[in-house]
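Below is one structure, written out as C-alpha coordinates; the observations come after it.
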Amino acid sequence: MSAVIANYAAEEQLVAELELLGVRYLSRQTAVEAMQVRPAEKLLADLVQQPSARVRAAVIAVLLAQPQYATAALAAARALAPEPRLTLKLFYTAARLLQQIYTDPLQAGLSAPWHWLPDLFSAELGLSDSGTAHEQLTQLGKLHQRLTQRQVNWVGTYTDVARRLLRQWELEAIWNR
(Lines give C-alpha, C1' and ligand atoms only; values in the text may rest on other atoms or scores of the structure.)
Protein backbone atom coordinates (compact mmCIF):
# COMPACT_ATOMS: atom_id res chain seq x y z
CA MET A 1 0.00 0.00 0.00
CA SER A 2 2.85 2.43 0.71
CA ALA A 3 4.13 2.01 -2.87
CA VAL A 4 0.71 3.05 -4.17
CA ILE A 5 0.73 6.12 -1.93
CA ALA A 6 4.28 6.98 -3.02
CA ASN A 7 3.33 6.64 -6.72
CA TYR A 8 0.26 8.81 -6.15
CA ALA A 9 2.32 11.50 -4.39
CA ALA A 10 4.94 11.43 -7.14
CA GLU A 11 2.22 11.78 -9.78
CA GLU A 12 0.59 14.69 -7.95
CA GLN A 13 3.97 16.44 -7.69
CA LEU A 14 4.65 15.94 -11.41
CA VAL A 15 1.22 17.31 -12.34
CA ALA A 16 1.87 20.35 -10.14
CA GLU A 17 5.19 20.92 -11.93
CA LEU A 18 3.51 20.58 -15.32
CA GLU A 19 1.17 23.40 -14.35
CA LEU A 20 4.20 25.68 -13.97
CA LEU A 21 5.18 24.78 -17.54
CA GLY A 22 1.80 25.71 -19.00
CA VAL A 23 0.41 22.17 -19.08
CA ARG A 24 -2.67 22.52 -16.90
CA TYR A 25 -5.20 20.12 -18.42
CA LEU A 26 -4.39 17.29 -15.98
CA SER A 27 -6.36 17.40 -12.75
CA ARG A 28 -4.96 16.90 -9.28
CA GLN A 29 -6.70 15.50 -6.25
CA THR A 30 -4.57 17.27 -3.67
CA ALA A 31 -3.33 20.78 -3.05
CA VAL A 32 0.29 19.88 -3.78
CA GLU A 33 2.06 23.00 -5.01
CA ALA A 34 5.28 23.00 -6.95
CA MET A 35 7.69 25.82 -6.24
CA GLN A 36 9.92 24.91 -9.16
CA VAL A 37 10.23 22.38 -11.95
CA ARG A 38 12.88 19.67 -11.85
CA PRO A 39 15.53 19.77 -14.60
CA ALA A 40 14.14 19.02 -18.08
CA GLU A 41 16.02 15.73 -18.49
CA LYS A 42 14.72 14.43 -15.16
CA LEU A 43 11.19 15.68 -15.82
CA LEU A 44 10.97 13.89 -19.16
CA ALA A 45 12.42 10.70 -17.69
CA ASP A 46 10.13 10.80 -14.66
CA LEU A 47 7.05 11.40 -16.82
CA VAL A 48 7.58 8.37 -19.07
CA GLN A 49 8.16 6.15 -16.05
CA GLN A 50 4.84 6.99 -14.37
CA PRO A 51 2.34 4.16 -13.90
CA SER A 52 -0.52 6.39 -15.10
CA ALA A 53 -0.93 6.51 -18.89
CA ARG A 54 -2.37 10.04 -18.73
CA VAL A 55 0.77 11.29 -17.02
CA ARG A 56 3.15 9.35 -19.28
CA ALA A 57 1.49 10.82 -22.36
CA ALA A 58 1.87 14.33 -20.91
CA VAL A 59 5.47 14.22 -22.11
CA ILE A 60 3.98 15.09 -25.51
CA ALA A 61 2.31 18.19 -24.05
CA VAL A 62 5.51 19.23 -22.30
CA LEU A 63 7.44 19.07 -25.56
CA LEU A 64 4.73 21.05 -27.35
CA ALA A 65 4.55 23.67 -24.59
CA GLN A 66 8.30 23.81 -23.96
CA PRO A 67 9.98 22.92 -27.27
CA GLN A 68 13.37 23.94 -25.88
CA TYR A 69 13.18 20.70 -23.84
CA ALA A 70 14.08 18.83 -27.03
CA THR A 71 17.76 19.05 -26.11
CA ALA A 72 17.03 17.21 -22.86
CA ALA A 73 15.22 14.36 -24.63
CA LEU A 74 18.44 12.71 -25.82
CA ALA A 75 20.00 12.81 -22.37
CA ALA A 76 16.79 11.53 -20.77
CA ALA A 77 16.62 8.66 -23.27
CA ARG A 78 20.20 7.65 -22.50
CA ALA A 79 19.42 7.51 -18.77
CA LEU A 80 16.31 5.32 -19.12
CA ALA A 81 15.84 1.56 -19.15
CA PRO A 82 14.77 0.10 -22.53
CA GLU A 83 10.96 0.21 -22.14
CA PRO A 84 10.62 3.81 -20.90
CA ARG A 85 13.35 4.83 -23.39
CA LEU A 86 11.19 3.48 -26.22
CA THR A 87 8.16 5.28 -24.80
CA LEU A 88 10.08 8.56 -24.72
CA LYS A 89 11.30 8.13 -28.29
CA LEU A 90 7.80 7.33 -29.58
CA PHE A 91 6.15 10.18 -27.67
CA TYR A 92 8.88 12.64 -28.66
CA THR A 93 8.40 11.69 -32.32
CA ALA A 94 4.64 12.11 -31.94
CA ALA A 95 5.19 15.58 -30.43
CA ARG A 96 7.44 16.54 -33.35
CA LEU A 97 4.78 15.51 -35.86
CA LEU A 98 1.96 17.13 -33.89
CA GLN A 99 3.99 20.35 -33.81
CA GLN A 100 3.92 20.31 -37.62
CA ILE A 101 0.19 19.56 -37.73
CA TYR A 102 -0.81 22.20 -35.14
CA THR A 103 1.83 24.85 -35.87
CA ASP A 104 -0.45 27.89 -35.92
CA PRO A 105 -2.43 27.24 -32.71
CA LEU A 106 0.73 26.13 -30.90
CA GLN A 107 2.58 29.29 -31.88
CA ALA A 108 -0.42 31.39 -30.83
CA GLY A 109 -0.69 29.77 -27.40
CA LEU A 110 2.95 29.23 -26.59
CA SER A 111 4.43 31.24 -23.75
CA ALA A 112 7.95 29.91 -24.39
CA PRO A 113 10.00 30.87 -27.47
CA TRP A 114 9.12 28.87 -30.58
CA HIS A 115 11.55 26.14 -31.60
CA TRP A 116 10.95 23.37 -34.09
CA LEU A 117 11.46 19.99 -32.47
CA PRO A 118 14.34 18.36 -34.35
CA ASP A 119 13.96 14.83 -35.69
CA LEU A 120 15.92 12.87 -33.10
CA PHE A 121 14.51 9.36 -33.29
CA SER A 122 12.69 8.68 -36.60
CA ALA A 123 15.63 6.99 -38.31
CA GLU A 124 16.37 4.87 -35.25
CA LEU A 125 12.70 3.85 -35.02
CA GLY A 126 12.65 3.06 -38.75
CA LEU A 127 9.95 5.65 -39.44
CA SER A 128 9.75 6.86 -43.02
CA ASP A 129 10.19 10.58 -43.58
CA SER A 130 8.01 10.54 -46.68
CA GLY A 131 4.42 11.73 -46.68
CA THR A 132 2.61 14.38 -44.73
CA ALA A 133 2.89 14.81 -40.97
CA HIS A 134 -0.57 13.18 -40.67
CA GLU A 135 0.60 10.18 -42.70
CA GLN A 136 3.79 9.90 -40.66
CA LEU A 137 1.76 10.10 -37.43
CA THR A 138 -0.37 7.20 -38.66
CA GLN A 139 2.80 5.24 -39.45
CA LEU A 140 4.11 6.05 -35.98
CA GLY A 141 0.89 4.80 -34.36
CA LYS A 142 1.16 1.48 -36.21
CA LEU A 143 4.84 1.22 -35.30
CA HIS A 144 3.98 1.97 -31.66
CA GLN A 145 1.42 -0.87 -31.70
CA ARG A 146 3.94 -3.28 -33.19
CA LEU A 147 6.84 -2.35 -30.90
CA THR A 148 4.78 -2.43 -27.70
CA GLN A 149 2.43 -5.24 -28.79
CA ARG A 150 -0.47 -3.13 -27.50
CA GLN A 151 -3.43 -2.59 -29.80
CA VAL A 152 -4.05 0.95 -28.59
CA ASN A 153 -5.25 3.76 -30.83
CA TRP A 154 -1.93 5.58 -30.46
CA VAL A 155 -2.74 8.24 -33.04
CA GLY A 156 -5.86 9.07 -31.04
CA THR A 157 -3.80 9.15 -27.85
CA TYR A 158 -1.19 11.50 -29.33
CA THR A 159 -3.79 13.77 -30.89
CA ASP A 160 -5.89 13.88 -27.72
CA VAL A 161 -2.92 15.22 -25.75
CA ALA A 162 -2.34 18.02 -28.28
CA ARG A 163 -6.03 18.90 -28.44
CA ARG A 164 -6.37 18.99 -24.64
CA LEU A 165 -3.35 21.29 -24.39
CA LEU A 166 -4.65 23.60 -27.12
CA ARG A 167 -8.16 23.64 -25.65
CA GLN A 168 -6.72 24.52 -22.24
CA TRP A 169 -4.76 27.41 -23.78
CA GLU A 170 -7.85 28.56 -25.68
CA LEU A 171 -9.95 28.61 -22.50
CA GLU A 172 -7.23 30.43 -20.57
CA ALA A 173 -7.08 33.08 -23.29
CA ILE A 174 -10.84 33.59 -22.97
CA TRP A 175 -10.70 33.74 -19.17
CA ASN A 176 -7.81 36.20 -19.21
CA ARG A 177 -9.52 38.73 -21.53
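When A70, A94 are checked against the criterion of being in contact with a Pro (Cβ under 7 Å, 6 or more places away or on another chain) and under 27 Å from E170 (Cβ atoms), A70 stands alone in meeting it. In this structure, V161 does not satisfy being modelled with pLDDT of 95 or more and touching a Gly at 6+ places or on another chain (Cβ under 6 Å). State yes or no: is P67 in contact (Cβ under 8 Å) with a residue 24 or more places away in the chain, surrounded by fewer than 20 Cβ atoms within 10 Å (Cβ to Cβ) and at negative phi? It is false that P67 is in contact (Cβ under 8 Å) with a residue 24 or more places away in the chain, surrounded by fewer than 20 Cβ atoms within 10 Å (Cβ to Cβ) and at negative phi.
Scanning region 106-129 for residues that are over 27 Å from P82 (Cα atoms), of a type in the set (G, A, S) and either in contact with a Lys or Arg (Cβ under 7 Å, 6 or more places away or on another chain) or exposed (fewer than 11 other Cβ atoms within 10 Å of the Cβ) (or both) turns up just one, S111. A search for C-beta distances below 9 Å between a residue of region 140-159 that is among the charged types (D, E, K, R) and any residue that is surrounded by 14 or more Cβ atoms within 10 Å (Cβ to Cβ) and assigned to a helix (DSSP H, G or I), counting only pairs 6+ apart in sequence or on different chains, returns K142/W154; K142/V155; R150/H144.
In region 145-177, the qualifying residues are those that are β-branched (V, I, T) and surrounded by 12 or more Cβ atoms within 10 Å (Cβ to Cβ), and the one that is nearest to E19 (Cα to Cα) is V161. Just one residue in the set R163, R177 is under 25 Å from S52 (Cβ atoms) and basic (K, R); that residue is R163.
The residue list A16, A9 contains one member that is at negative phi, aliphatic (A, V, I, L, M), assigned to a helix (DSSP H, G or I) and exposed (fewer than 14 other Cβ atoms within 10 Å of the Cβ), which is A9. It is to be established whether one or more residues within region 88-102 are modelled with pLDDT under 95, within 29 Å of Q145 (Cβ to Cβ) and of a type in the set (V, I, T). Checked region 88-102: no residue is modelled with pLDDT under 95, within 29 Å of Q145 (Cβ to Cβ) and of a type in the set (V, I, T).
The values are calculated or read from the model by the stated rules, or taken from the named source; none is laboratory data. The structure displayed is predicted, hence computed values, not measured ones. Ideal geometry is used to build each Cβ from the backbone, glycine not excepted, and the neighbour counts take in all protein chains shown.
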